[in-house]
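To start, the structure under review is shown below, and the notes come after it.
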Amino acid sequence: MLRVGVMVSGGGTNLQAILDAVDAGKITDTEITVVISNNPGAYALERAKKHGIEALCISPKDYENRDAFNEAFLNKIDEYHLDLIVLAGFLVKIPAAMIEKYEGKIINIHPALLPAFTGLDAQGQALNYGVKIAGCTVHFVDAGMDTGPIIMQAAVPVLDEDTHDTLAARILVQEHTILPEVVKLWAEDRLTVNGRKVKIRK
Ligand code: GRF
């Protein structure tokens, strides 16, 4: 049984997409072992609790400095003996020690076609830049910001009448498709990483 931890900060619709895929049997031999947020008010925590999944909050705000948080965060993660860590809208920088320890086992969903528009509000960056195609990316997490090897991407058109919200909503639909699909591929051990290149085995 693959033990998956999902890190969240917001509404948790990507978490929900993974939960739904597991419940539907699209992702097999996998359990969402724990959901962790830095935001005690994150609705994603409610989604986890409704699903009977351990949900906890740990925030840099609760520690005297970032090093203390980083150590506590990694120690907490280690308690769950996770095979895969999914960052689903998690707005806290992952400690370098955790990236090293869990190399190749941390994936992130980013609402842009990387390497374009890294960082926050990628949707707004795309809209303001005037691109005609936007989208989302699932990638492995490395020491950079949104720079790890790309696993899967999905594209959406940017329409003349788009607002930030309409574009973000169109991208989110695709996020809910590719993130569970990557978890499924990971669970089936069908991902091969060679440098920056990620291949999906049939
Ligand atoms: C998504 O748009 C994701 O790409 C971004 O944060 C948002 C999380 O949404 N990183 P949700 O909490 O999964 O609904």
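Quick rundown of the values:
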{"quantity": "For the chain, calculated [θ]222 nm from helices alone, where every DSSP H run of n ≥ 4 adds -39500 (n - 2.57)", "calculated": "-10500 deg cm²/dmol"}
{"quantity": "Dimensions (Å) - segment 127-202, Cα atoms, principal axes, largest first", "calculated": "41, 24, 17"}
{"quantity": "Coordinate range along principal axes, alpha carbons of the chain, Å, largest first", "calculated": "48, 43, 37"}
{"quantity": "Bridge type composition, the chain - antiparallel percent by DSSP, nearest 5", "calculated": "45 percent"}
{"quantity": "Cα-based helix-to-principal-axis angle, 13-23 vs the chain, degrees rounded to 10", "calculated": "70 degrees"}
{"quantity": "Between segment 55-70 and segment 146-186, the Cα center-to-center distance that results, in Å", "calculated": "29 Å"}
{"quantity": "Cβ-defined net charge surrounding A112, 12 Å radius [Lys, Arg +1; Asp, Glu -1]", "calculated": "-3"}
{"quantity": "Charge tally in the Cβ shell below 15 Å around I27, where Lys, Arg are +1 and Asp, Glu are -1, I27 excluded", "calculated": "-4"}
{"quantity": "Segment 1-62: relative contact order in percent, alpha carbon pairs under 8 Å with at least 6 residues between", "calculated": "38 percent"}
{"quantity": "Cut-off 12 Å between beta-carbons: net charge of the residues surrounding P180, Lys and Arg +1, Asp and Glu -1", "calculated": "-2"}
{"quantity": "Solvent-accessible area per residue for the chain (1.4 angstrom probe, square angstrom)", "calculated": "50 Å²"}
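The values are calculated or read from the model by the stated rules, or taken from the named source; none is laboratory data. Here the structure is a predicted model, which is why all the values come from computation and not from measurement. So basically every Cβ, Gly included, is an ideal-geometry build from the backbone, and we count neighbours across all protein chains shown. In case anyone asks, the SASA skips ligands and DNA or RNA and just uses the protein heavy atoms, side chains included. Shrake-Rupley method; radii C 1.70, N 1.55, O 1.52, S 1.80 Å.
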